Amino acid sequence: MQAKTFYGFEKILAKEISELGGANVKIKNRLVEFEGDNGFMYKANYSLRTAVRILKPIHKFRAKNEDELYEEVKKYEWEDIFHENQSFRIDFTVNSPNFKHSQFAALKVKDAIVDRFRDLTNKRPNVERDNPDVIVNLHISHTTVTLSLDSSGEPLFKRGYRKETGLAPINEVMAAGLLSMAGWDGKGNFLDPMCGSGTLLIEAAMMAMNIPAQLHRKHFSFENWRDFDRDLFEKIKETRLNRIKEFHGEIIGYDINMLMIKVAQMNIKSADLEEFIKVKQVNFFQTKKEHFPLLIIFNPPYGERMEIKTEDFYRKIGDTLKNNYPNTFAWFITSDLESARDTGLWYSEKIKLFNGKIETEFVKYEIYDTQEKD
C-alpha cells in the first residue's frame, strides 16, 4: 500500500506506520510504501496523523498505448470491487511519452470499467466527480501501469472537527507534522501564541492523549467496497479508543483577534476538547512565560493578514521570545523566507517544507535565560 503525505513529512509518517504495525516500510518522495491487510488499512486510515490518503494497489501491468490500456483494464474483475449502481471517479498521474494526453488515458480507463459492467449486467455505474462511492487511482510511468483504490476518499486532513477557518490556515496533517517534527510528546505544556482557528492546539491535544486522528470523521471510501468488513472496523476503532490516555499539562492559544478566538473556540468545541484547551484574546507581544516547561509552535500572520511591516513584526517576535520566554523551544513556520533573520535571533534548525504549493521554512529557536545567577 501507499500512504501519501507532504514534502518533508515522509520520515515522520514512516515512523507512524511502523509503530502502528506496518511491514516493509519504505520511504519514497511524498509517500511511504508499506504492507498490511485490510484490517491494517482500516487502522491506518483511522489512526495516522500525517497521511493525506492511503492507496491500495490492485492491478499492475504494462501497456504501450491507449488500446492496450483499455483491454487490460477491462479484463480486471471490477464487479468484485463495487456494484454497477455505485458511482466512481478516476484520479490520475501520467508520466510517459507513450501517453501524451493524460486525460485521454484516464478516459480510456473509465470506458473500460463502464464497458465491463455494461457487458456483464446491462447497466453501467455513474461517473461522479465530487462525491463518488469509489475512487480509482491511475498511475502510469513509461509503460508501467498501476491501478489502485483510494481507501480514504476525502483527504485525511479533513478530520471532521474544523467548522471554520481563518486566513492562510494550516491544515490538520500539516499541523500534526509540525508538532511531531518539533518533538511534541504530550509532556509539559504547549502554546500557540497566534492560534488563528486553533488547528495546532487541537492536534496537540489529540496527540497528547493519543486520540485517533479520525475520531470525528464520518466516512471512508473503503466502506463502499464490496469486501468491507464493518465488524472488523468497529473492533479496530474500539481498540484504538481504548488507548486514549490522560493529559496533565496545559495547552494554550493566544490571538489578538476576538473573531479568531471565537472561531477557535467553535472548532475546539466541535472536537470535544474544551476541557483541555484554553484560548485567550491576548497580544503575544505583551505576554510573559507562565508555564514550565513550555513548547511554542505557531504560524505567524503574513501577506494579506499583515497590518504592519513584516520586518517590524518579526523583530517583535524575536524580542518577545528573548526577553519574556526564557528556557523555551520556539518554532514557527513562515512563507516569508527572510523572516528568520528579521527576528534578530539565531535559529538552531531550519527545515524546508511546502504548505500546499507554497515553499515555507519551519524554524527553531532555543531561548535560554541570559541572566546570571549567583
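The values are calculated or read from the model by the stated rules, or taken from the named source; none is laboratory data. Predicted, not measured: the structure shown is a model, and the values here were computed from it. Cβ coordinates were reconstructed from backbone atoms using ideal geometry, including for glycine residues, and neighbour counts include every protein chain displayed. Side chains are part of the model used for accessible areas, which takes the heavy atoms of the whole protein and leaves out ligands, DNA and RNA. Shrake-Rupley method; radii C 1.70, N 1.55, O 1.52, S 1.80 Å.
Numbers for the structure displayed
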{"quantity": "Single residue of I351, I333 found to be aliphatic (A, V, I, L, M), in contact with a Pro (Cβ under 9 Å, 6 or more places away or on another chain) and closer than 14 Å to M181 by Cβ", "calculated": "I333"}
{"quantity": "Selection status of I296, open to solvent by less than 20 Å² (accessible area, probe 1.4 Å) and under 25 Å from L215 (Cβ atoms)", "calculated": "no"}
{"quantity": "Single condition G8 does not satisfy, out of (1) assigned to a helix (DSSP H, G or I); (2) of a type in the set (G, A, S); (3) over 19 Å from R240 (Cβ atoms); (4) touching a residue at least 40 places away in the same chain (Cβ under 8 Å)", "calculated": "(1)"}
{"quantity": "Those strands (runs of 3 or more DSSP E) lying entirely in the stretch 315-374 with at least 3 residues closer than 18 Å to E10 by Cα", "calculated": "349-355, 358-367"}
{"quantity": "Count of the stretch 11-55 residues which are open to solvent by 40 Å² or more (accessible area, probe 1.4 Å), small (G, A, S) and not in a loop (DSSP other than H, G, I, E, B)", "calculated": "2"}
{"quantity": "Enumeration of residues in the stretch 111-130 that are more than 9 Å from E84 (Cβ to Cβ), open to solvent by 70 Å² or more (accessible area, probe 1.4 Å) and among the hydrophobic types (A, V, I, L, M, F, W, C)", "calculated": "V127"}
{"quantity": "Residue under evaluation V134, criteria (1) modelled with pLDDT of 95 or more; (2) hydrophobic (A, V, I, L, M, F, W, C); (3) open to solvent by 10 Å² or more (accessible area, probe 1.4 Å), criterion not met", "calculated": "(3)"}
{"quantity": "Filter pass, I113 being free of Cβ contacts under 8 Å to residues at least 60 places away in the same chain and either assigned to a helix (DSSP H, G or I) or farther than 30 Å from N327 by Cβ (or both)", "calculated": "yes"}
{"quantity": "Residue within the stretch 163-178 that is within 21 Å of W225 (Cα to Cα), crowded, with 18+ Cβ neighbours inside 10 Å and among the acidic types (D, E) present", "calculated": "no"}
{"quantity": "Hits in the stretch 185-238 (condition: farther than 14 Å from K43 by Cα, hydrophobic (A, V, I, L, M, F, W, C), open to solvent by 20 Å² or more (accessible area, probe 1.4 Å) and assigned to a helix (DSSP H, G or I))", "calculated": "M207"}
{"quantity": "Residue in the stretch 290-304 that is assigned to a helix (DSSP H, G or I) and at pLDDT below 95 present", "calculated": "yes"}
{"quantity": "Subset of the stretch 335-360 that is of a type in the set (S, T, N, Q) and closer than 24 Å to P293 by Cβ - its residue that is most open to solvent (accessible area, probe 1.4 Å)", "calculated": "S348"}
{"quantity": "Where a residue in the stretch 355-372 is within 14 Å of N299 (Cα to Cα) and its partner, wherever it lies, is open to solvent by less than 30 Å² (accessible area, probe 1.4 Å) and at pLDDT below 90, with Cβ under 6 Å and at least six apart", "calculated": "V363/A340"}
{"quantity": "So K100, is it basic (K, R) and either within 30 Å of E172 (Cα to Cα) or part of a strand (DSSP E or B) (or both)", "calculated": "no"}
{"quantity": "Residue match in the stretch 305-315 (condition: out of contact with any Gly (no Cβ under 8 Å at 6 or more places or on another chain) and within 17 Å of A205 (Cα to Cα))", "calculated": "no"}
{"quantity": "Positions within the stretch 245-283 being assigned to a helix (DSSP H, G or I), open to solvent by 70 Å² or more (accessible area, probe 1.4 Å) and aliphatic (A, V, I, L, M), in sequence order", "calculated": "M258, L259, M266"}
{"quantity": "Exclusive hit being in contact with a helix residue (DSSP H, G or I) (Cβ under 9 Å, 6 or more places away or on another chain), within 23 Å of K235 (Cα to Cα) and of a type outside the set (K, R), set E66, E16", "calculated": "E16"}
{"quantity": "Candidates F61, F92 - the one that is part of a strand (DSSP E or B), more than 30 Å from the chain's Cα centre (by Cα) and more than 14 Å from D133 (Cβ to Cβ)", "calculated": "F61"}
